[in-house]
Amino acid sequence: MDYKKLQNGSDVRGVALEGIEGQNVNLTKEACSDIARGFALWLIKKLGKKDLRVAIGRDSRLSGATLTEWFASSLVEQGISVTDFEMASTPAMFMATITEGYKFDGTVMVTASHLPFNRNGFKFFTANGGVESSDIKEILAFAESDQKTGLTKGNLIKGEFMNKYSEILADKIKKATGEDKPLKGFKVVVDAGNGAGGFYVDKVLKPLGADTTGSRFLEPDGSFPNHIPNPENEQAMESIIEAVKQNKADFGIIFDTDVDRAGAVLSDGSELNRNRIIAMLSAILLREHPKTAIVTDSITSTGLKKIIESKGGVHHRFKRGYRNVINESMRLNKEGQDSQLAMETSGHGALKENYFLDDGAYLVTKLLIELAKGKKEGYSLESLIADLEEPKESVEFRMNILLEDFKPYGQKVIDDLNAYAKSKEGWSLETPNFEGVRVNLDDKHGNGWFLLRLSLHDPLLPLNIESNSVGGAKIIAKELVSFIENYDKLEKSSLVDFAK
């Protein structure tokens with residue numbers, strides 16, 4: 001098969017199980033074995049040595065154990081010494097490349113993040129971080145070749161790293177607060193969604209003194225029987241809000257399947273998600289690093305920009321895609337502009353102090369430090385974002401492009417809208433802007449903004465609209481319909497219906 005079709009940005013993703021009509025399995029034993037061989041060849045080339053140690057871990061997906069076995073066996077055949085960590089988190093797999101006593105040459109995480117149960121895939125790490133899109137292309141090119149390493153067969157052993165990783169997180173909270181049981185007296189509940197995040201309760205929170213009564217769905221179950229493990233999912237957020245309210249908790253935490261993302265809930269049951277969690281982390285980091293730049297994706301709100309700037313920071317709104325925001329933050333640092341946080345509204349967040357690793361467990365660890373400090377010093381987490389202006393309305397439309405070669409058409413719509421916006425009364429183009437067309441609208445024309453962009457991977461033009469007035473989103477939508485209706489290869493019925 002054409003393995004290039006399995007590339008999803010800087011990951012490999014595919015169908016691992018039957019069960020959804022029209023989705024045929026393409027992560028077969030042959031495919032997994034070839035991709036493992038490709039990774040071995042790439043790693044040898046990348047590191048310039050042949051005596052390599054690789055660790056592999058997986059989340060709770062039903063296909064995880066089988067894919068791990070296929071992948072690990074192929075690595076062994078190619079002369080790699082492999083350690084199987086079994087259940088792990090994506091961030092932990094990176095940490096295994098840099099932690100004393102481990103320091104693997106490369107690691108592999110078997111995961112497909114929040115995608116449905118039948119999907120799976122692979123993420124790859126070296127001590128330099130997660131691999132880039134260009135690296136995945138090279139790995140898959142090696143997979144499609146007949147090339148082998150030619151090395152003597154390696155070996156496979158069982159290993160464990162989550163205890164060490166948890167210890168690193170717990171020690172950070174102890175050090176920052178100066179206490180051995182800094183969470184004593186706090187009730188903290190976790191919803192792991194039956195993914196890999198249940199470890200955080202027993203291995204981090206309880207040892208620090210927290211009461212975790214009311215935590216839910218901690219047992220790994222790749223059928224995800226309760227809800228999708230995804231902080232962006234409405235049902236998932238309702239679940240953790242319910243847990244906080246029922247148990248009168250001080251704080252609630254929800255992880256995605258492989259724990260590289262997290263969301264949270266405050267004691268009053270309000271979501272700490274999307275713009276709100278970015279605002280809170282920004283407030284914390286701007287106290288520690290005045291004037292730092294916060295890099296976000298393109299759909300963050302006007303209110304977020306205002307609160308970051310009011311606290312002396314720089315808001316650098318960039319592109320969608322967690323690797324995009326991370327790489328942009330790293331670029332700013334290299335150019336002399338300190339940038340401590342790169343974060344998407346999806347919950348992917350990476351801190352400079354933590355190797356620019358998108359790590360949901362680390363993010364909530366940072367928030368728990370603030371929770372404990374606030375109790376001692378007389379402030380609440382809520383107070384950190386009291387000045388955040390939030391939109392009255394926020395909607396998103398995902399308009400399909402009805403063409404196989406969709407990118408030129410989508411780009412033409414964006415270019416035309418950019419020109420159109422310059423002539424419209426009450427419209428002003430956002431500058432600088434790095435993705436699609438972002439337009440601010442005055443009070444008469446909807447009192448808000450919209451962003452039209454081309455999806456990174458799919459034949460879609462996502463449209464985000466926010467308004468600071470009740471009914472404003474519909475006004476903005478109506479203004480856009482008169483432009484959008486001219487494009488017959490765009491499926492726009494949802495926008496048209498909303499604007500009526």
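When both region 1-69 and region 138-175 are represented by their alpha-carbon centers, they are found 13 Å apart. The alpha carbons of the chain give a radius of gyration and a Dmax of 23.2, 73 Å, in that order.
When DSSP beta bridges are restricted to pairs lying wholly in the chain, around 65% turn out antiparallel.
Cα-Cα pairs above 18 Å in region 339-403: how many percent? Intermediate results must be reported in sequence, preceding the final value.
Details: 1246 of 2080 pairs.
When all Cα pairs of region 339-403 are counted, 60 percent exceed 18 Å.
Once fully extended, how much extra length lies between residue 288 and residue 133, figured as 0.36 nm per residue of separation less the alpha-carbon to alpha-carbon distance? Let's see the in-between values first.
Details: separation 155, 0.36 × 155 = 55.80 nm, distance 3.27 nm.
Value of the extension gain: 52.5 nm.
Relative to one another, the C-alpha centroids of region 472-486 and region 275-327 are positioned 29 Å apart. Solvent-accessible area of region 460-500 (1.4 angstrom probe, protein heavy atoms only): carbon and sulfur portion equals 51 percent. The HN-Hα couplings worked out from phi for region 430-447 by the Karplus form 6.51 cos²θ - 1.76 cosθ + 1.60 (θ = phi - 60°) are 6, 9, x, 9, 10, 8, x, 10, 10, 10, 9, 10, 6, 4, 5, 9, x, 6 Hz, whole numbers, x standing for Gly and Pro. In this simple spin-label approximation, residue 234 and residue 353 carry label points 7 Å from Cα along the Cα→Cβ vector, and these lie 3.7 nm apart.
Pulled fully out, how much extra length does the chain show between residue 425 and residue 100, if you take 0.36 nm times their separation in residues and subtract their Cα-Cα distance? Let's see the in-between values first.
Working: separation 325, 0.36 × 325 = 117.00 nm, distance 6.06 nm.
Contour length minus Cα-Cα distance gives 110.9 nm.
Modelled label positions at residue 164 and residue 270, each set 7 Å beyond Cα in the direction of Cβ, lie 4.1 nm from each other. Estimated purely from DSSP H runs of n ≥ 4, each contributing -39500 (n - 2.57), the mean residue ellipticity at 222 nm for the chain is -11000 deg cm²/dmol once divided by its residues. Ordering of 185-197, 243-255, 75-87 by packing is 185-197, 243-255, 75-87, highest average first (other Cβ atoms within 10 Å, averaged per residue).
Three semi-axes describe the equivalent ellipsoid of region 139-202; taken as square roots of 5 times the Cα gyration tensor eigenvalues and ordered largest first, they are 42, 16, 12 Å. Quote the FRET efficiency, to the nearest 0.05, computed for residue 442 versus residue 493 with a Förster distance R0 of 25 Å and r equal to the Cβ-Cβ distance. After rounding to 0.05, the efficiency reads 0.35.
When the chain is described by a simple charge dipole with +1 on each Lys and Arg Cβ and -1 on each Asp and Glu Cβ, the residue from 300, 267, 131 located farthest towards its positive end is 131. Among the GluC sites (Glu not before Pro) found in region 156-229, those both in a DSSP coil and sparsely packed, with 15 or fewer other Cβ atoms within 10 Å of their Cβ, are 160, 179. Using 0.36 nm per residue and subtracting the Cα-Cα separation, the extra length available between residue 457 and residue 202 on full extension is 88.0 nm.
The residues of the chain have, on average, 41 Å² of accessible surface per residue, using a 1.4 Å probe with all protein chains present. Answer rounded, prolate or oblate for region 44-110, using the Cα gyration tensor with square roots of eigenvalues a ≥ b ≥ c: rounded when a/c is under 1.5, else prolate when a/b is larger than b/c, else oblate. It comes out oblate by the Cα gyration axes.
Size of the dipole of the chain about the Cα centre, Lys and Arg at +1 and Asp and Glu at -1 on the beta carbon, nothing else charged, in debye to 20? Write down the numbers at each step before the final one.
Values: 64 positive and 73 negative charges, 209 e Å.
Once rounded to the nearest 20, the dipole reads 1000 debye.
Rg(Cα) of region 295-384 divided by 2.2 N^0.38 Å? Kindly include the intermediate steps, with their values, before the conclusion.
Values: Rg = 13.7 Å, N = 90, 2.2 N^0.38 = 12.2 Å.
Cα-based Rg divided by the globular estimate yields 1.13.
In the distance distribution for region 77-144, Cα-Cα pairs more than 16 Å apart total 55 percent.
Between region 82-96 and region 386-405, the C-alpha centres lie 35 angstrom from each other. The alpha carbon convex hull volume per residue for region 316-438 rounds to 182 Å³. Calculate the FRET efficiency for residue 418 and residue 386 from the Cβ-Cβ distance with a Förster distance of 45 Å, rounded to the nearest 0.05. Between residue 418 and residue 386 the formula returns 0.80.
Entry for region 417-496 at q = 0.11, 0.26 Å⁻¹: log10 I(q)/I(0) = -0.27, -1.44, Debye formula applied to identical alpha-carbon scatterers, no solvent contribution. Taking all Cα-Cα distances within region 183-328, those exceeding 26 Å account for 32%.
The charge dipole of region 213-335, taken about the Cα centre with unit charges on the Cβ atoms of Lys, Arg (+1) and Asp, Glu (-1), comes to about 760 debye, rounded to the nearest 20.
The values are calculated or read from the model by the stated rules, or taken from the named source; none is laboratory data. In this text the structure is predicted, and so the values were computed from the model without any measurement. We place every Cβ from the backbone using ideal geometry, glycine too, and count neighbours over all the protein chains shown. Ligands, DNA and RNA are stripped out before the accessible areas are found, and what is left, the full protein with its side chains, is counted by its heavy atoms. Shrake-Rupley method; radii C 1.70, N 1.55, O 1.52, S 1.80 Å.
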